[in-house]
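Okay, structure first, notes after.
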Amino acid sequence: MLRKAKISDIKYIYRLILHFSKKGDVLPRPLAELYEHLRDFFVYEDKDLIVGACALHICWEDLAEIRSLVVSEEYQKRGIGIQLVEACIEEAKILEIPKVFALTRVPEFFEKLGFRKITKNELPHKVWADCIRCSKFPECDEVPVIKEI
């Protein structure tokens, strides 16, 4: 079941993000930051277990980021990631945010959802504030993708 995150979900979201950040798939997020941004998150729940999460982070009046997309390994390849991203896109539509981007190592996934690759310098510098926390900074291997809504 796909739904907006609740406060009781944060520790599960944190564990998922921590697991995938150790593999280098997503940026680590401190627990306090997750509580502060609870409203950004959607979760996918199966049998009272949070198996996926994704956030829509508003950057500016015309731009939001899809971030922290994680799905437990045993639940991958079931369309859960697609549902999470589509939920973020729908929320961006409701909020009248015309562009949504993501930084990813799997641009093909996002391209299937209507995103297109762009160059890093097409995004505002403010977007790169989180990069300082990345273990791969400044040698980033993520590809920016964007979708106009």
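Listing for the model above:
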| read-out | value |
| --- | --- |
| Among (1) buried (at least 17 other Cβ atoms within 10 Å of the Cβ); (2) modelled with pLDDT under 95; (3) small (G, A, S) - the single one A64 does not satisfy | (2) |
| Region 16-29, residues that are surrounded by 12 or more Cβ atoms within 10 Å (Cβ to Cβ) and without any contact (Cβ under 8 Å) to a residue 40 or more places away in the chain | L18, S21, R29 |
| Matching residues in region 106-125 - criterion: being outside any helix (DSSP H, G or I) and closer than 16 Å to I80 by Cα | V106, K112, L113 |
| Region 103-124 residues that are over 15 Å from C140 (Cα atoms) and without any contact (Cβ under 8 Å) to a residue 60 or more places away in the chain, paired with ones that are part of a helix (DSSP H, G or I) and among the polar types (S, T, N, Q) (beta carbon under 7 Å, 6 or more apart) | none |
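The values are calculated or read from the model by the stated rules, or taken from the named source; none is laboratory data. What you see is a predicted model; the values in this text were computed from it and never measured. With ideal geometry, Cβ positions are generated from the backbone for all residues, glycine too; neighbour counts draw on all protein chains shown.
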